[in-house]
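Have a look at the structure below before the remarks.
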Amino acid sequence: EPEVTQTPSHQVTQMGQEVILRCVPISNHLYFYWYRQILGQKVEFLVSFYNNEISEKSEIFDDQFSVERPDGSNFTLKIRSTKLEDSAMYFCASSSRYTIYFGEGSWLTVV
Amino acid sequence: DAKTTQPTSMDCAEGRAANLPCNHSTISGNEYVYWYRQIHSQGPQYIIHGLKNNETNEMASLIITEDRKSSTLILPHATLRDTAVYYCIVQGISNDYKLSFGAGTTVTVRA
């Protein structure tokens, strides 16, 4: 069964450093998403991406965040200057139309 | 702007059916009911979705009331591996199919 894969599974970074989280969505899916979940809290929507551009973003997705689909298969989330409060599990997801499938997540710890 | 109401938690005996209720009294005509679950801190896992007819797949059954204001997810023979947080989500097809997660129901299956 096709699945969304994410790397790294866990990353520790120092505050102020840049982080790139990578995702390989399910092939032939057209919609891509990033969500995050701070420990003990709800899963929160960050951004959706369609047709090579951001289609919607939440208030959380401010100027320090960016997304890119650099080569037609990967989908990345960049956090430019990490803060302690960016520590969370980040989930990538993709969808063909009606059903969104999630990856297993990248656990980011900012110290 | 919660669109669904679910019990905070429920217990279920292993081998018995688990019936998870969800209220979505403000659902509109073009909105689907989706169920996902999250086991520990893994990525949310798609279970099932429906518009107005009852649906069944290899994981579960979804019963939607005739007025569509509530639904029930049925896990026919719960196992310990079904212990998870279950999310009932109402989603329209007009906003990139993005999902908004609530707190869900924490289901504990007991031996």
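Bear in mind that the values in this text are calculations on the coordinates, not laboratory data. This structure is a prediction, so every number in the text was calculated from the model and none was measured. Backbone-built Cβ (ideal geometry, glycine too); neighbour counts: all protein chains shown.
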**Study point:** Cα-projected label distance for A:Ser55 with A:Ser27, points at 7 Å along beta-carbon direction, nm
**Key:** 2.2 nm
**Study point:** Cα pair distances of the stretch A:39-111 binned at 10 Å [whole percent]
**Key:** 16, 54, 28, 3
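Applying 1/(1 + (r/R0)^6) with R0 = 35 Å to the Cβ-Cβ distance of A:Ser73 and B:Ala13, what FRET efficiency is obtained, to the nearest 0.05? Before the final figure, lay out the partial values.
Values: r = 45 Å, r/R0 = 1.28.
Given R0 = 35 Å and the Cβ-Cβ separation, E is 0.20.
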Check your understanding: Can you list residues whose amide H is under 5 Å from B:Ala78's amide H, if they're 5+ apart or on another chain and H is modeled 1.01 Å from N?
Key -> B:Gly15, B:Arg16, B:Ala17, B:Ala18
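Considering only the other residues whose Cβ falls under 13 Å of the Cβ of A:Ile79, what net charge follows from Lys and Arg at +1 and Asp and Glu at -1? Write down the numbers at each step before the final one.
On the way: positive: A:Arg22, A:Arg36, A:Lys78, A:Arg80, A:Lys83; negative: A:Glu18, A:Asp62, A:Asp63, A:Glu68, A:Glu85, A:Asp86.
Here the count lands on -1.
Output the relative contact order of the stretch B:23-70, whole-number percent, from Cα pairs under 8 angstrom with separation of 6+ residues. Walk me through the numbers before you get to the answer.
Details: 67 pairs, mean separation 17.1, N = 48.
Across the stretch B:23-70, relative contact order equals 36 percent.
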Practice item. Extending each Cα 7 Å along its Cβ direction at A:Gln17 and B:Ile39, get the distance between those two points in nm, one decimal. Key: 3.2 nm
Check your understanding: What lysines could a cross-link reach from B:Lys69, if we take a straight Cα to Cα line under 27 Å and drop same-chain neighbours fewer than 8 places away?
Key -> A:Lys42, B:Lys3, B:Lys52, B:Lys98
Check your understanding: Taking amide hydrogens as modeled 1.01 Å from N in the peptide plane, which residues meet the under 5 Å criterion relative to B:Ile48, leaving out close sequence neighbours?
Key -> B:Trp35
Check your understanding: Among the aspartates and glutamates, which have Cα under 16 Å from the Cα of A:Lys57 when same-chain residues fewer than 8 positions away are ignored?
Key -> A:Glu44, A:Glu68, B:Asp96
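Work out the length of the dipole vector of chain A about its Cα centre, built from +1 on the beta-carbon of each Lys and Arg and -1 on the beta-carbon of each Asp and Glu, and round it to the nearest 20 debye.
For chain A, the charge dipole is close to 60 debye.
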Review point. Across all directions of projection, what mean area in square nanometres is found for the Cα convex hull of the protein assembly as shown?
Key: 12.3 nm²
Exercise for review: Could you give me the percent of Cα pairs per 10 Å distance bin for the stretch B:1-77, shortest bin first, beginning at zero and ending with the bin that holds the maximum distance?
Suggested key: 17, 51, 29, 3
